[in-house]
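The values are calculated or read from the model by the stated rules, or taken from the named source; none is laboratory data. Source: prediction; values computed, not measured. Quick reminder, even Gly has a Cβ in these numbers, built from the backbone with ideal geometry, and neighbours come from all protein chains shown.
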Amino acid sequence: MINSSLKTLAQMLANKEISSVELTQTFLNRIDAYNPEINAYIALDHDRTLAQAKAADARIAAGSATPLTGIPIAQKDIFCAQGWKTTCGSKMLENFIAPYDAHVITQFDNAGAVNLGKTNMDEFAMGSSNETSYFGGVKNPWDFSRVPGGSSGGSAAAVAARLCAAATGTDTGGSIRQPASLCGFTGLKPTYGVVSRYGMIAFASSLDQAGPMAKSAEDCALMMNVMAGFDERDSTSLNRDKEDYTRELYNSNPNKPLQGLRVGLPKEFFAEGLDAGVAKVIEDAIAEYKKLGAEIVEISLPNTSLSIPVYYVLAPAEASSNLSRYDGVRYGHRASEYTDLMDMYCKSRAEGFGAEVKRRILIGTYVLSAGYYDAYYLKAQQIRRLIAQDFEEAFKKCDVIMGPAAPSTAFKAGEKVDDPVAMYLQDIYTISTNLAGLPGMSVPAGFATSADGKPLPVGLQIIGNYFDEARMLNVAHQYQQVTDWHAQAPTLDKPEGTA
Amino acid sequence: MEWEVVIGLETHTQLRTNTKIFSGASTTYGAEPNTQACEVSIALPGVLPVLNKEAVNCAIKFGLAVNAEIAPRSVFARKNYFYPDLPKGYQISQYELPIVGKGAMTIQVPAVGKNAAYEKVINITRAHLEEDAGKSVHGAVEGMSGIDLNRAGTPLLEIVTEPDMRSAAEAAAYAKKLHELVQWIGICDGNMQEGSFRCDVNVSVRPKGTEKLGTRREIKNLNSFKFMQQAIEYETRWQIETLEDGGTIQQATVLFNPDTGETRAMRSKEEANDYRYFPDPDLLPLAITEADKARVSAQMPELPEAMKLRFETQFGLTSYDAASLTASRELAQYFVEMIDAGADAKPAANWVMGAISAKLNAEEKTLAESPVNSVSLASLLKRIADNTISNNAAKQVFEAMWNGEGEVDAIIDAKGLKQVSDTGAIEAIIDEVLAANAAMVEEFKAGKEKAFNALVGQAMKASKGKANPAQVNDLLKKKLGA
């Protein structure tokens, strides 16, 4: 059951083979058994969760269920959920109980989904290993000595360890796709503006986008049907007709389902810096796509190497301003002793923020300062436009772009904490899509063996054109019809505590 | 050396919208602290701004009213600084691309002493939309400072002029004209006590005849025209004296103390701010089309300049009278209502600017509080025009109306002020007067013109003031063969 697809679970609920309360309890038992070790969840409230499951059962009985009614979902702790502690992985918000719901939370509530709890994350979503969380690191379910990736590390571990049916994540520079790659499941970052950011705690407003993290492309499509949609409370939310993201999944040619699909391979994604084991897995996946009828086109994204420096100007610039509201005045951490207002600001922020957050606030403040703005912020905006143009050119030659989602498999906890630049390079293949606002996903494509002999998951990245999520989901789905990489789950050391 | 003062103004006008500029919270003044502070107003984690279109309409109205360029694309920017009453740690404002560009306003500078009144064009540099901050409340709780975020997010239009003014009187005339204009077009309630209209004044001095601007000091948050004029006069003297004593002026923000009549520089620390402006990524650039402008333009009332010209051409009023009547929309409206009620334009203008203004000034009332409304005043004027009462009697009637003694005709009857226009009755009175004042008649016939007026006076007196003076004149002339 814990490995079942969302569609199967919905059928079981509809057929009364299982109740939402039973299903939810199954996951809660697993959470109680494994979470103390994995640390995927940082806020749990079983009573509240089971009350939602009970309500879902009533809704199912009343015949007004949606495809996600009664399904237990893990929510990244970046989404404000009324009555839930919402910390964003920071000491600054350690005791902050959200008095309102994020749009994403409302959408799941309206669909009748069950909130299993809030998942761990890098502090304010700044990190690629979940090690910047104030609430401690998260273990990769494939190897507890390794990181799950970040910043949506808690959601990633929860999906991989089957501690939820599916989860939400957010992706500013790769925070859904890189952990999906490192933990071996399917994750989608939609086109910027498709999912409302209202109530999602801001890191870098022009890059942040929420998306699904789940066991398959089909599950991601069902999640997208709930998450996506116009919200007038977010001015960057796009006012488009409601889409059915599953619409392309079930009507393909059975022999050559992807006949004529032009797959672009950017040469810059296969250059120096890519782990050989990862490269091999990606090549095999491309070969599989050829069998499905795809046609391979070589393309170039010449400004790829600039995406990291551009991102590390723009994202910190926006973050330095977005995080100014955490000043100890109205809510959040306030230093216990201070001499005056300035001292209260300084101490509260010095105590409330971790090192990586401080580093980015300093970078952001610097690049926006008088005398530096033109050289950094403005120049970075110009290059951002060039990066988007690279993709525009590329999509004249292909329908989707493929490559690795991350340059390596999961690395050891502590391995990169003292080398921020090495950490930043984890997002080399994902960041450019955020800068361009394009949708991207990571799909399990196999395993590469680590130096210490562990098989670790590798994700294939699929990048689509704007609003092409339905097609991308089908491209992944067809691959998942002929491979079973996405269905593989880690064997956990402890015995299952299921009911 | 002769000095010249150079003045420019930045005015924060609170826009009259029901809700805040980036949220649905109410903007009503005077509520209990923090009862009008929604999750956006207090900047909870995760909240986002949504632009209030009504605030945009207000800005467009202002742009149209001062003939300004209205930007087809303007951009909201974040102005970053820490202050307890600024919940996000940044103010959403407009920086490089404001909604309203260059425009102009004509001001009337009143006569002072030997200097005659004159008109002057003041150039508007720009006007931009931004949000107001909250307020710090000190002392409500012993030893603590409180924050009231009711005002946080109230829409403001900041209107900036070129350094075009050359005296405190010009600055005050501009501020008054702007104050009237924003109320005229309905975008601001103009309540200076509640902070709806706040002026910052930049003042510098330079030797007369030179081009280069001196170093300016900014006088912050002036909330009355009187204080503004006092503050500028003091600041100007201070700067000139400082320079004449061999000192230099440092750029600074200063505050005016109404009790001492002096300006004083704030802590210099406040000057060191680098606001790190950048475009707000939560808001799209603001696009304004020709159609938007046309739609707003259709809702605009006739503007004071246009109305002034119309009063001159349509009613034959002098430029001065037309300008006075269009000094406020209320006054102009009152005048137009009188015309609509059948009053003649010139006497209507004279009464509004004379008797009504004098009474309002004396009793410190606004036109809205006038006990005599436009229609009643028009009926009084009609009774003068149709010779029912004399001008003198009309003054008595007006006084009675002001004191709430009733409507025009009732007062005329009650006081017996109806004019006698019956030729026979007047002739009889004149005959009596001529008989009783033979000496005066002789004087007149001997060439003493003054004797005629004395006879008119006697006739009026005999009629108890009720005789139509024009008729008395005519009949008397006839009888005397003059």
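Taking helices (runs of 4 or more DSSP H) that do not extend beyond segment A:246-362, which have at least 2 residues that are within 14 Å of chain B (Cβ to nearest Cβ), surrounded by fewer than 16 Cβ atoms within 10 Å (Cβ to Cβ) and at negative phi?
Details: elements: A:276-291, A:307-322, A:341-352.
Fully inside segment A:246-362 and qualifying: A:341-352.
Condition test on A:Gly187, is it buried (at least 24 other Cβ atoms within 10 Å of the Cβ) and either touching a Phe, Trp or Tyr at 6+ places or on another chain (Cβ under 9 Å) or within 14 Å of chain B (Cβ to nearest Cβ) (or both)?
no
If B:Arg73 meets every condition in (1) buried (at least 16 other Cβ atoms within 10 Å of the Cβ); (2) within 24 Å of A:Asp234 (Cα to Cα) apart from one, which number is that one?
(1)
If a residue must be surrounded by 22 or more Cβ atoms within 10 Å (Cβ to Cβ) and either over 26 Å from the mean Cα position of the chain (by Cα) or part of a strand (DSSP E or B) (or both), how many such residues does segment B:8-19 contain? Show your work before the answer.
Initial filter on segment B:8-19 (surrounded by 22 or more Cβ atoms within 10 Å (Cβ to Cβ)): B:8-9, B:11, B:13-15.
Right, trim to either over 26 Å from the mean Cα position of the chain (by Cα) or part of a strand (DSSP E or B) (or both) and you get B:8-9, B:11, B:13-14.
Qualifying residue count, segment B:8-19: 5.
Return the pair list, or none, for Cβ contacts closer than 7 Å from residues in segment A:201-219 that are more than 8 Å from every other protein chain (Cβ to nearest Cβ) to residues that are among the charged types (D, E, K, R) and in a loop (DSSP other than H, G, I, E, B), at least 6 apart or on different chains.
From residues that are more than 8 Å from every other protein chain (Cβ to nearest Cβ), the pairs are A:Asp208/A:Arg197.
Filter segment A:155-211 down to the residues that are under 25 Å from A:Pro309 (Cβ atoms) and hydroxyl-bearing (Ser, Thr, Tyr) and list them by number.
A:Thr170, A:Thr172, A:Ser175, A:Ser181, A:Thr191, A:Tyr192, A:Ser205, A:Ser206
Quick check: anything in segment B:234-243 within 17 Å of B:Asp200 (Cα to Cα) and either outside the structural domain of B:Glu170 (by TED's automatic domain parsing) or touching a residue at least 60 places away in the same chain (Cβ under 8 Å) (or both)?
Quick first cut of segment B:234-243, residues within 17 Å of B:Asp200 (Cα to Cα) only: B:234-236.
With either outside the structural domain of B:Glu170 (by TED's automatic domain parsing) or touching a residue at least 60 places away in the same chain (Cβ under 8 Å) (or both) added as a condition, the list becomes B:236.
Yes, some residue in segment B:234-243 is within 17 Å of B:Asp200 (Cα to Cα) and either outside the structural domain of B:Glu170 (by TED's automatic domain parsing) or touching a residue at least 60 places away in the same chain (Cβ under 8 Å) (or both).
Residues in segment B:109-127: is at least one among the small types (Gly, Ala, Ser) and surrounded by 15 or more Cβ atoms within 10 Å (Cβ to Cβ)?
Initially, segment B:109-127 is screened for residues among the small types (Gly, Ala, Ser), giving B:111, B:113, B:116-117, B:127.
Next cut, surrounded by 15 or more Cβ atoms within 10 Å (Cβ to Cβ) only: B:127.
Looking for residues that are among the small types (Gly, Ala, Ser) and surrounded by 15 or more Cβ atoms within 10 Å (Cβ to Cβ), one finds at least one in segment B:109-127, hence yes.
Please determine whether any residue of segment A:392-404 is more than 22 Å from A:Asn95 (Cα to Cα), within 14 Å of chain B (Cβ to nearest Cβ), surrounded by 15 or more Cβ atoms within 10 Å (Cβ to Cβ) and β-branched (Val, Ile, Thr). Spell out how you get there, then give the answer.
Taking segment A:392-404 and keeping what is more than 22 Å from A:Asn95 (Cα to Cα), we get A:392-404.
If we keep only those that are within 14 Å of chain B (Cβ to nearest Cβ) as well, we get none.
Looking through segment A:392-404, none of the residues is more than 22 Å from A:Asn95 (Cα to Cα), within 14 Å of chain B (Cβ to nearest Cβ), surrounded by 15 or more Cβ atoms within 10 Å (Cβ to Cβ) and β-branched (Val, Ile, Thr).
What about B:Met460, is it closer than 30 Å to B:Val372 by Cβ, of a type outside the set (S, T, N, Q) and touching a helix residue (DSSP H, G or I) at 6+ places or on another chain (Cβ under 9 Å)? Step through it out loud before you land on a result.
Numbers: closer than 30 Å to B:Val372 by Cβ: yes; of a type outside the set (S, T, N, Q): yes; touching a helix residue (DSSP H, G or I) at 6+ places or on another chain (Cβ under 9 Å): yes.
The answer is yes for B:Met460.
Going through segment B:347-390 one residue at a time, which ones are surrounded by 14 or more Cβ atoms within 10 Å (Cβ to Cβ) and of a type in the set (D, E, K, R)?
B:Lys359, B:Lys382, B:Arg383
For B:Glu399, state whether it is outside the structural domain of B:Ser376 (by TED's automatic domain parsing) and surrounded by fewer than 17 Cβ atoms within 10 Å (Cβ to Cβ). If you could, list the steps in order and put the result at the bottom.
Numbers: outside the structural domain of B:Ser376 (by TED's automatic domain parsing): no; surrounded by fewer than 17 Cβ atoms within 10 Å (Cβ to Cβ): yes.
It is false that B:Glu399 is outside the structural domain of B:Ser376 (by TED's automatic domain parsing) and surrounded by fewer than 17 Cβ atoms within 10 Å (Cβ to Cβ).
Condition first: facing chain B (nearest Cβ under 8 Å) and either without any contact (Cβ under 8 Å) to a residue 24 or more places away in the chain or touching a strand residue (DSSP E or B) at 6+ places or on another chain (Cβ under 8 Å) (or both). Now tell me which residues in segment A:190-200 satisfy that.
Selection gives A:Arg197, A:Gly199, A:Met200.
Say we look at segment A:3-40 and pick out the residues that are touching a residue at least 40 places away in the same chain (Cβ under 8 Å) and of a type in the set (Asp, Glu); which of these is nearest to A:Ala65 (Cα to Cα)?
Ranking the candidates gives A:Glu22 first.
Could you go through segment A:459-471 and let me know if any residue there is modelled with pLDDT of 95 or more, under 30 Å from A:Lys412 (Cβ atoms) and over 18 Å from the mean Cα position of the chain (by Cα).
Let us first name the residues in segment A:459-471 that are modelled with pLDDT of 95 or more, namely A:459-471.
With under 30 Å from A:Lys412 (Cβ atoms) added as a condition, the list becomes A:459-463.
Applying the additional criterion that residues be over 18 Å from the mean Cα position of the chain (by Cα) yields none.
Among the residues of segment A:459-471, not one is modelled with pLDDT of 95 or more, under 30 Å from A:Lys412 (Cβ atoms) and over 18 Å from the mean Cα position of the chain (by Cα), which makes the answer no.
Pairs please, first residue from segment B:463-476 and assigned by TED's automatic domain parsing to the domain that holds B:Asn453 and modelled with pLDDT of 85 or more, second anywhere and among the aliphatic types (A, V, I, L, M) and in a loop (DSSP other than H, G, I, E, B), Cβ atoms under 9 Å, 6+ apart in sequence or on different chains.
B:Leu476/B:Ala482
Look through segment A:220-245, keep the residues that are away from every other protein chain (no Cβ under 14 Å) and not in a helix (DSSP H, G or I), and return whichever of them is surrounded by the fewest Cβ atoms within 10 Å (Cβ to Cβ). Spell out the reasoning first.
Initial filter on segment A:220-245 (away from every other protein chain (no Cβ under 14 Å)): A:220-229, A:240-245.
Now drop any that are not not in a helix (DSSP H, G or I), which leaves A:228-229, A:240-245.
Values: A:Ala228: 26, A:Gly229: 19, A:Arg240: 13, A:Asp241: 6, A:Lys242: 8, A:Glu243: 16, A:Asp244: 12, A:Tyr245: 26.
Only one residue fits best here, namely A:Asp241.
Per-residue answers, yes or no, for (1) out of contact with any Asp or Glu (no Cβ under 9 Å at 6 or more places or on another chain); (2) acidic (Asp, Glu); (3) without any contact (Cβ under 8 Å) to a residue 60 or more places away in the chain:
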residue: B:Ala77; (1), (2), (3): no, no, no
residue: B:Tyr95; (1), (2), (3): yes, no, no
residue: B:Thr106; (1), (2), (3): no, no, no
residue: B:Ala111; (1), (2), (3): yes, no, yes
residue: B:Lys114; (1), (2), (3): yes, no, yes
residue: B:Tyr118; (1), (2), (3): yes, no, yes
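Among the listed residues A:Tyr373, A:Tyr377, which satisfies the condition of being touching a helix residue (DSSP H, G or I) at 6+ places or on another chain (Cβ under 6 Å), surrounded by 15 or more Cβ atoms within 10 Å (Cβ to Cβ) and facing chain B (nearest Cβ under 9 Å)?
Values: A:Tyr373 fails: touching a helix residue (DSSP H, G or I) at 6+ places or on another chain (Cβ under 6 Å).
Being touching a helix residue (DSSP H, G or I) at 6+ places or on another chain (Cβ under 6 Å), surrounded by 15 or more Cβ atoms within 10 Å (Cβ to Cβ) and facing chain B (nearest Cβ under 9 Å) holds for just one of A:Tyr373, A:Tyr377, which is A:Tyr377.
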